[in-house]
1. Looking only at the stretch 196-218, which residues are more than 9 Å from the ligand (Cβ to nearest atom), surrounded by 15 or more Cβ atoms within 10 Å (Cβ to Cβ) and not in a strand (DSSP E or B)?
2. If I filter the stretch 12-64 down to residues being of a type in the set (Ser, Thr, Tyr) and outside any helix (DSSP H, G or I), which single residue comes out as surrounded by the fewest Cβ atoms within 10 Å (Cβ to Cβ)?
3. What number of residues within the stretch 229-283 are assigned to a helix (DSSP H, G or I) and small (Gly, Ala, Ser)?
4. Would you mind finding the one in Val226, Val162 that is at pLDDT 95 or above and more than 17 Å from Glu249 (Cα to Cα)?
5. Can you name the residue in the stretch 140-173 that is assigned to a loop (DSSP other than H, G, I, E, B) and more than 9 Å from the ligand (Cβ to nearest atom) and is also farthest from the chain's Cα centre (by Cα) among such residues?
6. Here's a check for you: in the stretch 125-150, which residue that is polar (S, T, N, Q) and in contact (Cβ under 8 Å) with a residue 40 or more places away in the chain is nearest to Pro115 (Cα to Cα)?
7. Looking only at the stretch 51-78, which residues are in contact with a strand residue (DSSP E or B) (Cβ under 8 Å, 6 or more places away or on another chain) and among the hydroxyl-bearing types (Ser, Thr, Tyr)?
8. Considering the stretch 176-195 alone, what residues qualify as being among the hydrophobic types (A, V, I, L, M, F, W, C) and within 11 Å of the ligand (Cβ to nearest atom)?
Amino acid sequence: MATIIDGKQVAADVRARVGKDAAALRERTGHTPGLVTILVGEDPASQVYVRNKIKACEEAGMASFHEPMPATSTQGQVLAMVERYNADDRVDGILVQSPLPRGLDFKQVLDRIDPAKDVDGFHPLNVGRLVANQPGLVACTPAGVMELLDATGVALEGADAVVVGRSDIVGKPVALLLLHRSATVTVCHSRTRDLPGVCRRADVLIAAVGRARMITADMVRPGATVIDVGINRTDEGLAGDVDFGPVSEVAGAITPVPGGVGPMTIAMLLRNTVIAAAARHDR
Ligand code: NDP
């Protein structure tokens, strides 16, 4: 039976450390790390995410600013809002909640965020730094996956790591982070031949697909560490990309959904905000 990796606990530990780091930064520089969330439109799920981010920010003793914008906002208005916070010294991190309402260009908005305040790690400059293994702001969910692996104590150097999914926000950055830790990384996608066979080679298996329970027990090497990034709404409630029950009989360690990767994303967002604040104020 696999060890269940407790994302809630690991996230709580990260948030506690971030709270201490934020207080220490304030002590050294007089600056309180600050995050602004820009929410365009009234998507209910996005409203919940943003509320959680604001709450977590305040709990960590950080300053939080919120900019709700109507769904009818123009591209120019959203860009102007980003510019405003690029120039606002109280703010170290700018988060534009996705998805944007139809008709707005998210990529252009991301490109406008000052890379020094890009706490989502999606700006091309930060993506380039990640590729080159240079210090920068790393996307929150992938960084959270690495934090969970480290908390589990799994050896990554020389390990066979298989990432299922190649999106810009999860699959690709996770693959790069694993590569920089000297894992031997295979990235799978919808055109991969013999997905079960490739997955079975993995010492570390990361599922970031968006298909409920598609990673089944026969695809998992006994003793492997399995990280399930997937969040899928099904008739029976929330499900990951991994068929949790049967896979936990085979794996060595596994994240549940919910309570695995999910809580890490906000924790890493707070950490990025403190990193960004330190880079701007600690000199
Ligand atoms: P995308 O839809 O952007 O990417 C999915 C990837 O899975 C694609 O690369 C796609 O391949 C691949 N894929 C789809 N079907 C198959 C298949 N049958 N076999 C192999 N590969 C397949 O999703 P995201 O990366 O944005 O998200 C993935 C999951 O993670 C989702 O469930 C999402 O909700 C969740 N998520 C969770 C977060 C968290 O905080 N825990 C944060 C972000 C995402 P191809 O490129 O060929 O189309």
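1. Matches in the stretch 196-218: Val198, Cys199, Arg200, Ala202, Asp203, Arg213, Ala217.
2. Only one residue fits best here, namely Thr32.
3. Result for the stretch 229-283: 8.
4. Going through Val226, Val162 in turn, the sole match is Val162.
5. So, considering only residues that are assigned to a loop (DSSP other than H, G, I, E, B) and more than 9 Å from the ligand (Cβ to nearest atom), the one farthest from the chain's Cα centre (by Cα) is Gly158.
6. Asn133
7. As a first pass, look at the stretch 51-78 and keep what is in contact with a strand residue (DSSP E or B) (Cβ under 8 Å, 6 or more places away or on another chain): 53-54, 57-58, 62-71, 73, 77-78.
Those that are in contact with a strand residue (DSSP E or B) (Cβ under 8 Å, 6 or more places away or on another chain) and among the hydroxyl-bearing types (Ser, Thr, Tyr): Ser64, Ser73.
8. Answer for the stretch 176-195, where residues must be among the hydrophobic types (A, V, I, L, M, F, W, C) and within 11 Å of the ligand (Cβ to nearest atom): Val187, Cys188, Leu195.
The values are calculated or read from the model by the stated rules, or taken from the named source; none is laboratory data. Note that the structure is a prediction, hence the values are computed from the model and not measured. We place every Cβ from the backbone using ideal geometry, glycine too, and count neighbours over all the protein chains shown.
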